[in-house]
1. Cβ contacts < 9 Å: first residue within 12 Å of chain B (Cβ to nearest Cβ) and in contact (Cβ under 8 Å) with a residue 40 or more places away in the chain, restricted to the stretch A:131-158; second residue of a type in the set (Gly, Ala, Ser) and in a helix (DSSP H, G or I), any location; separation 6+ or different chain. Result?
2. Of everything in the stretch B:81-100 that's within 8 Å of chain A (Cβ to nearest Cβ) and out of contact with any helix residue (DSSP H, G or I) (no Cβ under 6 Å at 6 or more places or on another chain), which residue is farthest from A:Phe80 (Cα to Cα)?
3. Would you confirm whether or not the stretch A:182-189 contains a residue that is over 24 Å from B:Gln223 (Cβ atoms) and either touching a Gly at 6+ places or on another chain (Cβ under 8 Å) or within 14 Å of chain B (Cβ to nearest Cβ) (or both)?
4. Look at A:Phe153 and say whether it is crowded, with 17+ Cβ neighbours inside 10 Å, at pLDDT below 90, in contact with a strand residue (DSSP E or B) (Cβ under 8 Å, 6 or more places away or on another chain) and not basic (Lys, Arg).
5. Read through the list (1) over 17 Å from the mean Cα position of the chain (by Cα); (2) surrounded by 18 or more Cβ atoms within 10 Å (Cβ to Cβ); (3) within 8 Å of chain A (Cβ to nearest Cβ), then give the number of the only condition that B:Tyr78 fails.
6. If you go through the stretch B:23-65 one residue at a time, how many are over 29 Å from B:Pro157 (Cβ atoms) and among the basic types (Lys, Arg)?
Protein chains: 2
Amino acid sequence: MPQTYQFARPALTVDIVVFALDQDDLQVMLIQRDIEPFSGQWALPGGFVRVDETLDAAAERELREETGLTDIFLEQLYTFGDLGRDPRERVITVAYYALVNLAGHAVHASSDARNAAWFPVNELPELAFDHQQILNAALKRLRGKVRYQPIGFELLPEKFTLRQLQHLYEIILDRQLDKRNFRKKVHSMEILKATNEIETDVAHRAAQLYRFNKKAYDRLTKQGFNFEI
Amino acid sequence: MPQTYQFARPALTVDIVVFALDQDDLQVMLIQRDIEPFSGQWALPGGFVRVDETLDAAAERELREETGLTDIFLEQLYTFGDLGRDPRERVITVAYYALVNLAGHAVHASSDARNAAWFPVNELPELAFDHQQILNAALKRLRGKVRYQPIGFELLPEKFTLRQLQHLYEIILDRQLDKRNFRKKVHSMEILKATNEIETDVAHRAAQLYRFNKKAYDRLTKQGFNFEI
């Protein structure tokens, strides 16, 4: 194939910030590096883009290879190209972020035997490369987006209580929300469908389970809304 | 320098969607190509990223070289990496968008003697590569962002009338806005500072000129707002 540009080229990678929600925290998936540079340190899952695969395909492949996660919400975040971000040579990375519902996905250590683990975003180890900066950008995007798109809902199980939904917003926005205002707002969005079921295996009084109205959800994702609470 | 990755690498470019506002339309800057592929066709300004420059620096350099524009609002948009987007070989492009106030910036044909010109976004020629797709993404970003950040204001001269401000929103959002609601909303944002001046050289009754309150503007840019009108 003819080369359009004969000079030195940067290497190109993808890195993925995978968010999940547990009882108390927003979690992020990290991989422990077993090669230099930063051997032994934790980093975002990711790797080199092959010349014959799209960026989305590279992100999906790296995620699958390094964490076992497939079929999850994945969106391009930003491309990071600072000169010194990789000590080996010039490497530019297209960052993605992913949202995953922990209940539906098993996460395992990667095939190349490195450790993969979840960490609360507020208690992270020191990260390799500029991965802390990438993670901060992903958090900012997530916090911005929940205010005008129903994006955080990807983090919930299929059926959930209003308490769980509020908890999701509180964790992402990192502040307490007023229960009455929150419910009023959510109901006015007409995005929820009540099921006939209630939650099971809970110590407190069992609450009604809801699911999303897919059509209303997709419409809101497209047109946006204002979730100031 | 050691190479981290010995396999074939995609080439890397930047492309820039430059928006400006005139009396009637949102305009975009295009360059007429004088080399293959797509010789003679119009394209976004852009070019290859050098191995020793950041992505932002590459976008600024290409913009300066191809259009003469400097010191304008420039933000990374999205990275496009479809396999067939360049017929020569695998080329990945980091797209930027820029906003420019036509009054303050002279635009000239590029140093390598190609034509540079403004086109209304609704009357574009056929574009080279996937540049129509990139332009659509930039338009979508711009239309989304004016609803929650005071971003479009970069397109106005330093002093402007409320009519001009409304016109900017109407052009970006591509619909008529109610004058009374618009002004109420704008004043409630406390983002404007009245000057003692009125516009000059107008056929109609001269209106008061405003400027932005830089502090309030920056605060709103950071925290966002909801401009549903």
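The values are calculated or read from the model by the stated rules, or taken from the named source; none is laboratory data. Worth saying up front: this structure is predicted, and the values here are computed from it rather than measured. Positions of Cβ are backbone-derived with ideal geometry, glycine not excepted, and every protein chain shown enters the neighbour counts.
1. As it stands, the answer is A:Val146/A:Gly152; A:Tyr148/B:Gly144, since those pairs meet every condition given.
2. Filtering the stretch B:81-100 for residues that are within 8 Å of chain A (Cβ to nearest Cβ) and out of contact with any helix residue (DSSP H, G or I) (no Cβ under 6 Å at 6 or more places or on another chain), the one farthest from A:Phe80 (Cα to Cα) comes out as B:Arg88.
3. no
4. yes
5. Exception for B:Tyr78: condition (1).
6. The number of residues fulfilling the criteria is 2.
Condition check ((1) at pLDDT below 95; (2) outside the structural domain of A:Thr93 (by TED's automatic domain parsing)) across all residues:
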position: A:Met1; (1), (2): yes, yes
position: A:Asp15; (1), (2): no, no
position: A:Val18; (1), (2): no, no
position: A:Gly46; (1), (2): no, no
position: A:Leu55; (1), (2): no, no
position: A:Ala59; (1), (2): no, no
position: A:Leu69; (1), (2): yes, no
position: A:Ile72; (1), (2): yes, no
position: A:Leu77; (1), (2): no, no
